[in-house]
Amino acid sequence: MSESQQNEATVLVVDDTPTKLYILSSWLRRAGHQVVQATGGVEALAKVRELQPDLVVLDVRLPDITGYEVCEQIKADETTSSIPVIQISGAAVTPADRAQGLERGADAYLAEPVEPDEFAATVEATLRYYRARQRAERMARRLTALTEVTLAMNAAETFDDLLATAVEGTSRILGRTAGTLALPPDGRTRRFSARPAADTAVSKVAPPETLTRLSAMSLDGAAGTRVFTTSIDEWLKLVPDADISGDVMSVLCRTKVGRPPVYLGIDAVPPLDEDEINILRQLGQALALTVDALRAYTEEHTIALTLQRSLLPARIPDIPGLTISWRYQPAVDNVEVGGDFYEVLKLDHRVLIAIGDVQGHSLLAATVMAELRHALRASVIANADLGASMALLNNVLRCYHPGMTATVCLTLLDPATGELEIANAGHIPPLLIGTGEAVYHNMGNLLLGVAEETYRVDSLTLPERGSVLMFTDGLVEDRDKLLDESLEIARRLADDTGCDLEAFCDRLIARFGAREDDVALVMFRREAAG
């Protein structure tokens, strides 16, 4: 756009005197402006609302309503209040008249006769202020929108949501078609585009090498941010199915050497001004930082899950006469390893089934959990004594991890006879499910790691087709619900487990939904003989 085009304005001239109307309009056209005319106040107000001119030159004395009133109504309307008004009069020329005009909203007041140079200078000064105000207001709106989009990007939980949010926000802020490319940890390049009039972004297939080729055009292998223009011919070579009709303004960001870059681009026709380029750069940098944060979270979460699962049993042994189902469900928003665990050990004709929870979510909690599992295994090599095993676990915590606590429940079952022993150290009691109503077993002893304790071992008989359900508190603890209420929900569900333990465990997990804490669950059923 040329300088003359940038300075050109649409000016509404309002005067009921044909000679004055002609003269003022001629001066404005000679200065390169578009002129619209009105001969009355009501007509002027209608044209202001319809055309939204850049400037109004307004006679004070009009045949229907005064120029003062016209100016007041223009300034009172939110949609037209920023339009500058120059009042001009050959009759109202006293200081009081000028003061009234300025007090009622005029941005300048000229008394006739007025010289062409004075009139032109006043028009240019008023337009200069108006354009500066427009730019400031537009920039303020864009910065507010930039903040909103950045917050929305940081709240995105998936890469697809993040990229869609970024490209929709970019298109909305700059009023142009926008597109983005990024490479998440799964190795599949994502590509999204959005148009200003569209409600949602569109996902498209991305050639795998596109980001590499874009990087070679600008950043190469360096870290940083580059803003550059790609011709339509160059872009169509990169992305043959691109729906564009002109050049593309691009920003490519890489936060650290060795990481894949993130691309954000928009339609470059008409050319962007300096403010728009800066907004695009800030959006690209914010997107790159958010992609990196989500990538780091995803990688940490994957590592945490891998570590945590490596500390749990690799497989559950097959036990004749016994059906066993188990679940381990990490917290939905937790990237740290936790201390929930379960164990199933075959001991000659009996089986030891345990569940526990070491306090906290950290690498320390996970390593303590692993120590307790190994200590439990060692304690039953020669002789299975639940009281002695629990005492050993308590001593391990008190001696080697003072200040740490854990809850553990141990069960020892002979599938052939149904003889069942239970020892509980502060854990949620196991649910006993027989032919009648499901009931929780008695509360156990003090949790591990607090003080020296003699752990009670209860003996009972599990009938054929009877089941036992054990779980950690992550399944039933909610901030807005009493623990007893959630325990009762689990108990009522266990009244009807059905024939398929796997299906029941799925129903139980689904009933409580996504959890804030990890969940470990083990359920076993003594099958009928023969």
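The table below lists the values:
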read-out	value
Residue that is nearest to Pro415 (Cα to Cα) [pool: residues in region 442-462 that are part of a strand (DSSP E or B) and of a type outside the set (A, V, I, L, M)]	Thr461
Residues located in region 116-140, provided they are among the aliphatic types (A, V, I, L, M), surrounded by 14 or more Cβ atoms within 10 Å (Cβ to Cβ) and under 30 Å from Gly175 (Cβ atoms)	Val123, Ala125, Leu127, Met139
Count of residues meeting criterion [at pLDDT 90 or above and basic (Lys, Arg)] in region 209-255	2
Of all residues making up region 427-441, the number that are under 19 Å from Ala520 (Cα atoms) and outside any strand (DSSP E or B)	5
Filter result for Val291 (under 18 Å from Gly169 (Cα atoms) and either out of contact with any helix residue (DSSP H, G or I) (no Cβ under 6 Å at 6 or more places or on another chain) or outside any helix (DSSP H, G or I) (or both))	yes
Near pairs, Cβ below 9 angstrom, 6+ apart or cross-chain, from region 446-474 (outside the structural domain of Leu508 (by TED's automatic domain parsing)) to any residue that is of a type in the set (D, E, K, R)	none
Output for region 317-362, where each listed residue is among the small types (Gly, Ala, Ser) and at pLDDT 90 or above	Gly321, Ser325, Ala354, Gly356
Where Ile74 falls short, out of the listed (1) without any contact (Cβ under 8 Å) to a residue 24 or more places away in the chain; (2) within 30 Å of Arg138 (Cα to Cα)	(1)
Output for region 216-234, where each listed residue is surrounded by 13 or more Cβ atoms within 10 Å (Cβ to Cβ) and either closer than 21 Å to Gly246 by Cα or touching a strand residue (DSSP E or B) at 6+ places or on another chain (Cβ under 6 Å) (or both)	Met217, Ser218, Leu219, Ala223, Thr225, Arg226, Val227, Phe228, Thr229, Thr230, Ile232, Glu234
Filter pass, Pro113 being touching a residue at least 40 places away in the same chain (Cβ under 8 Å) and loosely packed, with under 15 Cβ neighbours inside 10 Å	no
Condition met for Arg465 (assigned to a strand (DSSP E or B), within 20 Å of Arg350 (Cα to Cα) and not hydroxyl-bearing (Ser, Thr, Tyr))	no
Test result for Leu58, in the same structural domain as Gly32 (by TED's automatic domain parsing) and touching a Ser or Thr at 6+ places or on another chain (Cβ under 8 Å)	no
Condition check for Val358: in a strand (DSSP E or B), under 27 Å from Ile319 (Cα atoms) and in contact with a strand residue (DSSP E or B) (Cβ under 9 Å, 6 or more places away or on another chain)	no
Selection count where residues are free of Cβ contacts under 8 Å to residues at least 40 places away in the same chain and either more than 26 Å from Pro116 (Cβ to Cβ) or not aliphatic (A, V, I, L, M) (or both), scope region 77-89	7
Identity of the residue in region 58-85, touching a helix residue (DSSP H, G or I) at 6+ places or on another chain (Cβ under 6 Å) and within 15 Å of Leu24 (Cβ to Cβ), that ends up surrounded by the fewest Cβ atoms within 10 Å (Cβ to Cβ)	Leu62
Strands (runs of 3 or more DSSP E) completely within region 173-221 that count 3 or more residues being touching a Phe, Trp or Tyr at 6+ places or on another chain (Cβ under 8 Å)	178-182, 202-204
Leu410 surrounded by 15 or more Cβ atoms within 10 Å (Cβ to Cβ), part of a helix (DSSP H, G or I), in contact with a Leu (Cβ under 7 Å, 6 or more places away or on another chain) and modelled with pLDDT of 95 or more	no
Yes/no for Pro270 being assigned to a loop (DSSP other than H, G, I, E, B) and more than 20 Å from Pro208 (Cβ to Cβ)	yes
Helices (runs of 4 or more DSSP H) within region 16-116 that include 3 or more residues polar (S, T, N, Q)	18-30
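The rows are residues; the columns are (1) part of a loop (DSSP other than H, G, I, E, B); (2) farther than 29 Å from Arg350 by Cβ; (3) modelled with pLDDT under 95; (4) hydroxyl-bearing (Ser, Thr, Tyr).
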{"site": "Met470", "(1), (2), (3), (4)": "no, no, no, no"}
{"site": "Asp484", "(1), (2), (3), (4)": "no, yes, yes, no"}
{"site": "Gly498", "(1), (2), (3), (4)": "yes, no, yes, no"}
{"site": "Asp506", "(1), (2), (3), (4)": "no, no, yes, no"}
{"site": "Ala529", "(1), (2), (3), (4)": "yes, no, yes, no"}
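The values are calculated or read from the model by the stated rules, or taken from the named source; none is laboratory data. It should be emphasised that the depicted structure is a prediction, and the values quoted were computed from it without experimental measurement. Glycine also receives a Cβ, built like all others from the backbone with ideal geometry; neighbour counts cover every protein chain displayed.
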